[in-house]
Amino acid sequence: MFLRFAATALALTLALPAVAQDAAPETPVETLPDIALGAEDAPLTIIEYASFTCGHCANFHSDVFPQLKADYIDSGQVRFVQRDIYFDQVGLWAGILARCGGDDKYYAVSDMLFDEQKEWLSGGSGDEIAANLRRIGLKAGMTEEQMTACWDDTAKVEQLIATFQQNATADEVEATPTFIIGGEKVSNQPWDSMKGIIDAKLAEAPAPAE
């Protein structure tokens, strides 16, 4: 199922016209590094695979993530990484916008996209949704020209898609949100259950070097 979604997302972006087709087929597209929150030396890493058009992902970010951040990320126990999944063209547009302001603004823009998901997705056409996304970008301090340049940057879009496909295929992700907690794939679940998994993983983590 995942490969079908990936192929759909790739096809929808051919808004990557001649550039992609002229590239040598044996030349791999460079993937992008993760953007992380929390201490680099945190004993536990949590990866969330999320789609900006996924209602369950929006619920996680409103109901669970604040507790995760306060209890574990801000305390230095967890390094958190969000990896975007593009199941549709609109999700890709949002993913491009999230990266458009640079790594420092990624999580702030991501939060806005999840917080206002129902509003910006309510557009009746692609043009209306794009206009809604532009309004979020403006609130985040981006300019119209900056957003247009990001959406027109076909090389960066190719990198985003390649990164999404490589990571999600490696971790066998087929639905969102999916979590990788200390190397273990975990499905979406209530905070109390996730907290139990996090605490167990932290108990197993090696003690920091003196």
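Where a number appears in this text, it was derived from the coordinates with a stated rule and is not lab data. It should be emphasised that the depicted structure is a prediction, and the values quoted were computed from it without experimental measurement. As a convention, Cβ positions derive from the backbone with ideal geometry for all residues, glycine included, and neighbour counts pool all protein chains shown.
Numbers below:
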{"item": "Among Lys139, Lys195, Lys69, residue whose mean-square fluctuation peaks in a GNM of the chain (springs only between Cα atoms under 10 Å)", "result": "Lys139"}
{"item": "Additional length obtainable on full extension of the chain from Ala162 to Lys139, 0.36 nm per residue less Cα span", "result": "5.4 nm"}
{"item": "The range 99-156: C-alpha gyration tensor shape, a/c 1.5 cut-off, then a/b vs b/c", "result": "oblate"}
{"item": "Using alpha-carbon coordinates, inclination of helix 89-100 to the longest axis of the chain, degrees", "result": "70"}
{"item": "Residue among Ser125, Ala140, Gln166 farthest towards the positive dipole end of the range 95-175, charges placed on Cβ", "result": "Ala140"}
{"item": "Rg(Cα) / (2.2 N^0.38 Å) computed for the chain, rounded to two decimals", "result": "1.05"}
{"item": "Helix-only CD estimate at 222 nm, as mean residue ellipticity for the chain, using -39500 (n - 2.57) per DSSP H run (n ≥ 4)", "result": "-16000 deg cm²/dmol"}
{"item": "Count, lysine Cα pairs under 29 Å in the chain, 8 or more residues apart or across chains", "result": "19"}
{"item": "The range 85-210, Cα convex hull volume normalised per residue, Å³", "result": "156"}
{"item": "Amide proton proximity set for Val186, modelled H, under 5 Å, gap of 5+", "result": "Phe179, Ile180, Ile181"}
{"item": "Relative contact order of the chain, pairs being alpha-carbon contacts under 8 Å that are 6 or more residues apart, as %", "result": "30"}
{"item": "Contact order relative to length of the range 45-110, as percent, for alpha carbon pairs under 8 angstrom and 6 or more apart", "result": "40"}
{"item": "Helix axis angle, 154-170 relative to the chain longest principal axis, alpha carbon, degrees", "result": "40"}
{"item": "Nearest 10 degrees, 0 to 90: helix 103-115 Cα axis against the chain principal axis", "result": "90"}
